[in-house]
Amino acid sequence: MDNGRSNKRSSSEWKVAVLLTSIAVISYGVTSTLSAAHVDNDNHHPAIDTTTKDHQQQQHRRLAAIDKVDETTTPQQTSTVSLTSKFNEKRSFLDPSWKEWGDALVQFETLVSPAELDFTISRRLPWEQDESPEKCEEILLLMPEYFARNGHGSQLNSYVLAAMMATYLGKAMLILDAPQKNTKYPNGSMFGCPVDAFKDKKEFDQFTGNNHKHLEMKEDFPMGMSRLLQHSTLLSRGCELSACSSFTYDSWEAIRKAQREHFLNGLPPREVNCEDGDQTQRVIPLGGEEVRQFFEAQVKPMILDETKRSEAYRWIIRLGANAHEAQVFIKLTKEADIWDFVSALMARSGIIKFQPWIARDVAQFIRQTDLPLNSGYDAIHVRRGDKLETESRQEVVAYWHSQGYDRVGQFPTNYIPFRHYLRLWDSTDCDSYWNGFQTQATTRYVATDDPTTVKEEIAKLPKGSDGTTIVAGCKKVKFIFAPVSEDSAFHINEGGGKVDCYVRYKRNIRAIADLMVLTKSDTFVGEFVSNWGRIIRLNRLVLNDSPLVGERKESSGKWLKKRSFNEDIEPPAFIRDFRVAFGDLISPPPGW
């Protein structure tokens with residue numbers, strides 16, 4: 001009897017052992033297959049994802065996001081934190097992983113770390129696989145000159161919005177910069193002229209005059225917006241504008257100006273048929289203002305129309321998504337989720353990419369600051385200047401009213417104090433600091449068009465024994481600013497076309513450097529009143545690669561497709577810690 005039970009037990013154990021061994025072998029095989037699939041043997045880049053099944057094999061490292069709201073969080077902070085997700089890991093301005101991948105200057109070509117860009121997009125786009133002329137039949141022609149009088153943020157947002165519309169409408173997007181005779185800016189661009197633009201570098205080096213417009217420029221050097229940005233082939237499809245019956249720039253400009261009447265009357269934008277041999281192009285010319293009008297009146301309603309799922313799928317593929325991501329996107333119904341998904345995708349696709357000379361000079365400028373390039377830092381954007389009389393005026397009035405001042409004439413200042421920005425760190429746990437856990441001061445980079453006043457405000461704050469500033473009652477902070485410039489102006493549009501092009505270029509570099517530093521920070525404090533805040537937010541978004549996007553976990557363990565602002569749900573995108581100093585907490589559509 002005992003031997004029988006023993007034999008039965010042995011037989012059962014043997015079967016279990018065989019089963020476990022089989023599972024182990026299968027698991028090993030699957031793991032090996034997945035590991036092999038994750039590497040492209042030709043160039044060691046992540047393998048291309050073309051199906052939902054392959055999704056887990058090629059996804060970029062998923063960055064976990066956590067919202068922390070503790071007992072010390074203020075009501076103002078709660079509303080801010082609930083709209084942001086802070087990544088667990090700290091990051092530095094320079095991406096250390098990129099050192100093993102490519103050119104160091106690439107770190108300064110985009111507003112996101114190069115390792116976060118998707119370099120496999122071209123392999124998925126149909127027009128990259130053949131030379132079919134059909135890819136160039138539909139053109140959205142962006143004419144940036146009209147918005148050249150605006151600052152960087154406005155012009156970059158206009159570019160982003162045009163890119164979003166062109167991809168949605170299935171059109172190639174081209175840029176038509178104004179020739180010298182049609183622009184008020186000497187040497188051909190609102191972004192100034194780098195040394196590379198001049199024909200004779202020796203002549204440039206020896207020049208002692210006050211205006212570089214007298215020096216000879218290279219005839220083929222990019223003009224207008226093209227002097228700042230490398231226009232992505234994701235947008236252009238490698239197309240060129242046809243001769244179009246000998247159209248001149250003035251011809252296109254006249255059509256652009258007439259577009260406003262079309263929009264006001266509820267008509268689609270005017271389209272020009274251009275025939276060039278066997279090729280026909282249908283071209284819609286738009287400036288920055290017309291781009292906004294066209295989007296608001298006609299394109300935005302189409303994007304948000306839930307019955308146009310197939311159009312949405314094709315659009316998001318054209319914008320750089322893979323098949324799995326496109327399936328996730330067409331299930332989104334909340335407007336904010338749609339814009340966040342599109343923003344994160346545009347950031348990953350590298351829509352904004354600066355010219356090599358911009359990257360070179362921005363790198364040189366940033367290295368002159370005290371910014372730690374290989375460790376984490378926080379950043380604050382304090383925009384005053386002309387905004388105080390326009391967009392920010394309402395927020396300034398609301399702030400001082402909240403402080404007990406009823407009349408405008410009683411306001412202590414005509415701006416929101418710097419300490420108001422610092423309040424977003426008021427939840428700091430001081431016990432940790434008093435117990436000696438903080439040994440290093442936190443670095444906070446301040447970008448502002450009013451550095452003198454901000455520095456005076458910082459000087460009035462408590463100081464530590466080591467010269468650092470004490471914030472939130474206990475936290476040691478080292479504030480740093482960009483180097484002082486000989487040029488007293490901070491905005492590229494100050495002075496109009498009368499400013500020397502090389503002086504304007506140096507302003508341009510300073511602004512792009514600030515924008516890049518702000519965007520790549522661990523924690524950013526700013527607002528959406530400024531165009532900068534909206535551009536920065538777009539480039540701090542990262543797609544969520546979870547298969548459970550849009551779902552929430554019930555106590556039963558089941559995942560249901562329910563959406564609620566306060567539920568524990570998987571968002572379509574994560575945003576690196578973005579704290580809104582004042583104004584609206586919800587960002588508008590990308591590029592708006």
Exercise for review: Identify all residues within the range 397-421 that are more than 17 Å from Thr448 (Cβ to Cβ), loosely packed, with under 14 Cβ neighbours inside 10 Å and not hydroxyl-bearing (Ser, Thr, Tyr); write none if there are none.
Suggested key: Ala398, His401, Gln403, Gly404, Asp406, Arg407, Val408, Gly409, Gln410, Pro412
Exercise for review: Scan the range 161-174 and give yes if some residue there is surrounded by fewer than 22 Cβ atoms within 10 Å (Cβ to Cβ) and either among the β-branched types (Val, Ile, Thr) or without any contact (Cβ under 8 Å) to a residue 60 or more places away in the chain (or both), otherwise no.
Suggested key: no
**Study point:** Test result for Ile351, among the hydrophobic types (A, V, I, L, M, F, W, C), under 29 Å from Ser97 (Cα atoms) and assigned to a loop (DSSP other than H, G, I, E, B)
**Key:** yes
Practice item. Identify all residues within the range 102-137 that are acidic (Asp, Glu) and either open to solvent by less than 50 Å² (accessible area, probe 1.4 Å) or under 30 Å from Glu527 (Cβ atoms) (or both); write none if there are none. Key: Glu109, Glu116, Asp118
**Study point:** Identity of the residue in the range 207-245, charged (D, E, K, R) and part of a loop (DSSP other than H, G, I, E, B), that ends up most open to solvent (accessible area, probe 1.4 Å)
**Key:** Glu219
Exercise for review: Go through the range 344-374 and count every residue that is small (Gly, Ala, Ser), farther than 21 Å from Phe191 by Cβ and open to solvent by 10 Å² or more (accessible area, probe 1.4 Å).
Suggested key: 1
Point to revise | Number of the condition not met by Phe204 [criteria: (1) free of Cβ contacts under 8 Å to residues at least 12 places away in the same chain; (2) open to solvent by 40 Å² or more (accessible area, probe 1.4 Å)] | key: (2)
Exercise for review: Filter the range 138-160 down to residues that are modelled with pLDDT of 95 or more, of a type outside the set (A, V, I, L, M, F, W, C) and either more than 28 Å from Ile338 (Cα to Cα) or surrounded by 22 or more Cβ atoms within 10 Å (Cβ to Cβ) (or both), then give me how many there are.
Suggested key: 6
Check your understanding: Inside the range 395-445, can you point out the residues that are modelled with pLDDT under 90, out of contact with any strand residue (DSSP E or B) (no Cβ under 8 Å at 6 or more places or on another chain) and among the hydroxyl-bearing types (Ser, Thr, Tyr)?
Key -> Ser427, Ser432, Thr439
Check your understanding: List, please: which pairs have Cβ atoms under 7 Å, are six or more places apart or on different chains, and start with a residue in the range 291-308 that is farther than 16 Å from Tyr159 by Cα and end with one that is aromatic (Phe, Trp, Tyr) and open to solvent by less than 60 Å² (accessible area, probe 1.4 Å)?
Key -> Ala297/Phe263; Ile303/Tyr168
Exercise for review: Within the range 384-393, count every residue that is surrounded by 12 or more Cβ atoms within 10 Å (Cβ to Cβ) and not in a loop (DSSP other than H, G, I, E, B).
Suggested key: 5
**Study point:** Residue identified as among the acidic types (Asp, Glu) and either touching an Asp or Glu at 6+ places or on another chain (Cβ under 6 Å) or buried (at least 16 other Cβ atoms within 10 Å of the Cβ) (or both) among Glu296, Glu325, Glu335
**Key:** Glu325
Review point. Leu264: modelled with pLDDT under 95, loosely packed, with under 12 Cβ neighbours inside 10 Å and not small (Gly, Ala, Ser), yes or no?
Key: yes
Check your understanding: Within the range 204-250, can you find the residues that are within 21 Å of the chain's Cα centre (by Cα) and either among the polar types (S, T, N, Q) or more than 21 Å from Trp357 (Cα to Cα) (or both)?
Key -> Ser226, Gln230, Ser232, Thr233, Leu234, Leu235, Ser236
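The values are calculated or read from the model by the stated rules, or taken from the named source; none is laboratory data. This structure is a prediction, so every number in the text was calculated from the model and none was measured. Every residue, glycine among them, receives a Cβ derived from its backbone with ideal geometry; neighbour counts consider all protein chains shown. Keep in mind that these areas ignore ligands, DNA and RNA; they rest on the heavy atoms of the full protein, side chains included. Shrake-Rupley method; radii C 1.70, N 1.55, O 1.52, S 1.80 Å.
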